[in-house]
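First comes the structure, then the notes that go with it.
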Amino acid sequence: EKFWNFVEASTDYSYYHAILEASFQFLSPLQQNLLKFCLSLHSYSATIQAFQQIATDEPPPEECNSFFSVHGKKTCDFDTLETLLLTASERPKPLLFKGDHRYPSSNPESPVVIFYSEIGDEEFYNFHRQLISKSNAGKINYVFRHYILNPRKEPVYLSGYGVELAIKSTEYKAKDDTQVKVIGENDPIDEVQGFLFGKLRDLHPDLKGQLKELRKHLVESTNEMAPLKVWQLQDLSFQTAARILAAPIELALVVMKDLSQNFPTKYFKGTLGLQPGDCALFINGLHIDLDTQDIFSRYNSWPSSLQELLRPTFPGVIRQIRKNLHNMVFIIDPAHETTAELINTAEMFLSNHIPLRIGLIFVVNDSEDVDGMQDAGVAILRAYNYVAQEVDDYHAFQTLIHIYNKVRTGEKVKVEHVVSVLEKKYPYVEVNSILGIDSAYDRNRKEARGYYEQTGVGPLPVVLFNGMPLEKEQLDPDELETITMHKILETTTFFQRAVYLGELSHDQDVVEYIMNQPNVVPRINSRILTSEREYLDLTATSKEHFRNNFGFTVLDSQGKTAAIANSMNYLTKKDDSFIRPVTFWIVGDFDSPSGRQLLYDAIKHQASIYTSIVISMINNPSEDISYENTQISRAIWAALQTQTSNSAKNFITKMAKEETAEALAAGADIGGFSVGVSLCVLHGAALFCDFPQKFIPMVLTQLINMNLRVFMNCQSKLSDMPLKSFYRYVLEPEISFTPDNSFAKGPIAKFLDMPQSPLFTLNLNTPESWMVESVRTPYDLDNIYLEEVDSVVAAEYELEYLLLEGHCYDITTGQPPRGLQFTLGTSANPVIVDTIVMANLGYFQLKANPGAWILRLRKGRSEDIYRIYSHDGTDSPPDADEVVVVLNNFKSKIIKVKVQKKADMVNEDLLSDGTNENESGFWDSFKWGFTGGQKTEDVKQDKDDIINIFSVASGHLYERFLRIMMLSVLKNTKTPVKFWFLKNYLSPTFKEFIPYMANEYNFQYELVQYKWPRWLHQQTEKQRIIWGYKILFLDVLFPLVVDKFLFVDADQIVRTDLKELRDFNLDGAPYGYTPFCDSRKEMDGYRFWKSGYWASHLAGRKYHISALYVVDLKKFRKIAAGDRLRGQYQGLSQDPNSLSNLDQDLPNNMIHQVPIKSLPQEWLWCETWCDDASKKRAKTIDLCNNPMTKEPKLEAAVRIVPEWQDYDQEIKQLQTLIHLTILKTHKNN
């Protein structure tokens, strides 16, 4: 309704203030602030772009500024529209989306007219008026979609992301960092920016205080960093907190933000269970991210130790532990029609051995006059109690299942159903003695109803997970299954932490531990925990609510009364659930003294011990209202909408006093009470975790009325600098303008007055669904050394794709269909992107842009074997032939797809091509791990005999190495080569150069990218992220047609034809690596794998280097190697001390589960570990880091590899030629 009001009222959309002026008349002050915030964020740019893509896919008639689509037929002529409407019924109605703007129609069955146009265009307004006229007459259903014939090419600058400038941590630098000599504050030669403070203190002892302040100012204003001594670090957390607390209250947030975002130059373990240094965010008391009947005891085979929680396992695997970690309570009316589905869902959990303790609370009629032969609910309760008492709870639950199985869909359970089951299962027992009036099986009948009423959990049915009630919409059987799995995984993380920190020990009662958590309460008050309120309809049956004057004025008297009654909030004496016999409506002008006095007297009367009333208010202004003359009434309304009854009563009592009104009128700042959102921030080590750097609450304070409290959760005895990065969070509450009143270019991250000496690396922290790439910068963003930069370092990133994520399961097996492929496209272009389903959680991801897309099974084995059975979270009806997914905002989109094998394909395997393989090779590979192997397998090559080579690089130095590595491959390999590069971290310079190099040397290449899944433990350091990409996603990075690939490190020189390695016999292993050399004896002290954990774990096997390896992707996928590696990574990576060399340690750690074929030693020679004598046999040379000499890589390359300089010069000559060609092209253009 507001959308259409906005369209009709608008006259000029060319300027920002005109948009605000046109829209503000429909919005409250809070909504006005949020609108400006949304415009600043460009929140709806994705929506507009989605409509643009949908229009393009129609496609639009040529040269039409606006056009109509009537059931698939298009025109931009209004007269032709009449003709299309006459034949519309012959064509199917179009699919409409949730985000479509649908004008209210009096005839839903009339034809659908989709109008594509640009709001503000003259043509739009004329057509819009005529379409409204037709819609009001019931002739059409009018749908509007945004469309611009010639969109502007200028990019939209987005916000809502963070930029980190991290001080690079590396032992192997091209240059040493500047060494800063630290001098104590009291030393006589204590100099800061030319001031000798030691001498000044001696000369002017009376100015000691002022000199200290001056020195402090100069130290903080300098842009260089001085290393801190150990004793200075220890109390740094408390000193930082003290600095913030000492700041004036209005500047405290600014100081905190500045300290956290620029920390390198410039926490409260209590009832919340936070360790010193931890961060947490609570909004209105809820933590944001940032005991009943036990009916089963069949799990004796499961381990009982809580230490099992810390054992590594695959991501998504639910640990089966014989402890009551996960408890689900069903509070149900047995006779309700939804109960059968809930019981069946509970039975599904149990039959699949989900470690879930299930409790049932039957809420039935507790009148003693009602027995089980009259009431089905009572009958079920008594039948359950009988079987539980005579046999056990498990059989009682099975009896319950049998009873509900007799109930047809849509029917309610009846007494006859209960009788039928009891007579069949217990034929020798008189049913009347169980269900009848003299039954002895009424256990917990009154207690269950009393418990339900006491807790105040709301209308039945209610499902509690570890005491937390699920939302009503989550109780749908399919949704409940998914939500429960997610809850179990979330709760597991909570318990893992508790066990790891020693807060939960093996001998503790887990349920008791849960019940002692500070967020557990004995009862629930819906006024606190829900924003929806229950209203009384005093005079009519209308469901109408008071929303705005426009809708209210069209109601009749009875409707208006009902709307007001339905919209009332009441004040009670206490926040309790007792029903009050008397209701007071106080009608008055609360901005006048007489109205306030009436209200004050009513609240005072309510406080009397002799009254039992509820109060609500209706403001009845005596003059035309304005923002200035409604201060009191608006504050009262806000209190009624946002506060509990008792809090609102206290607030309104103060507001009703005359001294408060007089003080407000005089412009005084009224203290002592506040209304609005309560936001509580806890952070660790005085801003030393990353949440305060992304200090969003500071922006929120400018948007909404809120009470912000910050607790300094300090960490004592720090031994290292807690934050090693500078940070900027790009987020503005409102669009900004240039001095000439034009729109500013857009919000950007600026780092000013930065220290010159450190080596920095630039990282972006973007929303989960964003895939961004660097598109314009000549600088090496991986190695920013400001001392060598004459001007500013500027970089531009582009939001390349929005991510569509999903989970896929085979409904027959309940397992993810590994290797299943999906495609995403349009009707005109069916395959734009494709992807492969993982075994981990059935996860898949697809790159897309705003618009409407069609999800399909990929043609080939995926489409031949499977069909899509159902889908959730999509934008097409469940029975539609095509699965349509709409991306129309910057939020994450996650869908769920269920598939089913076709009837004639139930025995087919996606990852098999129908041929029989010698599976013994899998086990034989263990033998080859000890002995090595020299055989070359007889390979039946495809039509296109090509060698696939994968490599990764970040930063200009490693990209230089990468180009030289590629040239060395091409000089020595006769077979055609295709290079695969990880796109995520390549510079614009490299991406611009590679097509020219491919053309010059006649090779193929492809850029691949994959977003690190949100459920997989995140790495924060760029180098470790790149290592992760080398090993964790090999099964999904490449299309299924790639059977084998070689990984070659960027800093490697190849001296042989790599066809030999491609065809090397792996003896059934999924991959082959070269072991580390043992021949250079002076390095024995650095061979960590020769002792301790690694020596024990490898048990005689080799420790392999990750600089060169060959992967048989067919075998790799078949044995789920990728899923196993991710599972082991998920467990080990929680410990920051494990997987030091992630890409190398992980496959070596998994050698017993995912065997490695050891390649002959000559396949990788590196001077650090191999002796000089073996160099002449080297097929590749790797420039390994040398922990003894720490020699820079460039120096090592020139010294070790004679041909390296020749390759380097050849590449440089090509770069010069390409640069001149580009300049010439630009000049001609």
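For the range 356-447, with all protein chains present and a 1.4 Å probe, just round the carbon and sulfur fraction of the accessible area to a whole percent.
Working: 2020 of 4620 Å².
With neighbouring chains kept in place, the figure for the range 356-447 is 44 percent.
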Centroid-to-centroid separation of the range 1062-1138 and the range 86-148 [C-alpha atoms, Å]: 62
Rg and Dmax [Cα atoms of the range 730-769; Å; Rg one decimal, Dmax integer]: 14.7, 39
Those lysines that a straight Cα-Cα span of less than 22 Å connects to K1011, excepting residues fewer than 8 apart in one chain: K694, K847, K891, K893, K896, K983, K991, K1022, K1030
Coarse-grained scattering of the range 982-1124 at q = 0.13, 0.16, 0.20 Å⁻¹, given as base-10 log I(q)/I(0) from a Debye sum over alpha-carbon atoms: -0.79, -1.17, -1.53
Within the range 298-526, percent of DSSP bridges classed antiparallel, to nearest 5: 50
Residue-normalised accessible area of the range 568-666, expressed per residue, 1.4 Å probe, Å²: 55
Per-q log10 I(q)/I(0), the range 328-441, q = 0.15, 0.17 Å⁻¹ (Debye; single scatterer per alpha-carbon; no solvent): -0.61, -0.79
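How big is the C-alpha Rg of the range 1135-1179 next to the rule-of-thumb value 2.2 N^0.38 Å, as a ratio? Show your work: numbers first, answer last.
Working: Rg = 14.1 Å, N = 45, 2.2 N^0.38 = 9.3 Å.
It is 1.50.
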Apportionment of accessible area to carbon and sulfur, the range 1139-1181, percent (1.4 Å): 47
The range 796-901 - Rg and Dmax from Cα coordinates, angstrom: 13.3, 48
Whole-Å distance, taken between Cα centres, linking the range 731-783 and the range 640-664: 45
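Could you please state how large a percent of the accessible area of the range 42-146 is carbon and sulfur, counting protein chains only and using a 1.4 Å probe?
On the way: 2550 of 5160 Å².
Of the solvent-accessible surface of the range 42-146, carbon and sulfur hold 50 percent.
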Virtual spin-label span in nm between E1210 and S367, 7 Å along Cα→Cβ: 9.6
Geometric extent, Cα atoms of the range 298-526 - Rg, Dmax (angstrom): 18.9, 57
Accessible area, probe 1.4 Å, largest first, for residues R856, R1024, R867: R867, R856, R1024
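Please report the orientation-averaged projected area of the range 568-666, defined via the convex hull of its C-alpha atoms, in nm². Spell out each step's value before the answer.
Numbers: hull surface 24.8 nm².
If I average the Cα hull's projected area over directions, I get 6.2 nm².
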Whether the range 42-146 is rounded, prolate or oblate, judged on the alpha carbon gyration tensor where a/c under 1.5 counts as rounded: rounded
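Would you mind estimating how fast the range 1106-1211 diffuses translationally, via Stokes-Einstein at 25 °C and 0.890 mPa s with the Kirkwood radius over Cα pairs, in µm²/s? Don't skip to the end; give the middle numbers.
Details: Rh = 16.4 Å.
Here the translational diffusion coefficient equals 149 µm²/s.
For the range 796-901, what is the charge dipole size about the Cα centre, in debye to the nearest 20, if Lys and Arg each add +1 at the Cβ and Asp and Glu each add -1 at the Cβ?
Numbers: 12 positive and 13 negative charges, 79 e Å.
Around 380 debye, computed over the range 796-901.
The values are calculated or read from the model by the stated rules, or taken from the named source; none is laboratory data. Quick caveat: nothing in here was measured; it's all calculated off a predicted structure. We place every Cβ from the backbone using ideal geometry, glycine too, and count neighbours over all the protein chains shown. For accessibility, only protein heavy atoms count, side chains too; no ligands or nucleic acids. Shrake-Rupley method; radii C 1.70, N 1.55, O 1.52, S 1.80 Å.
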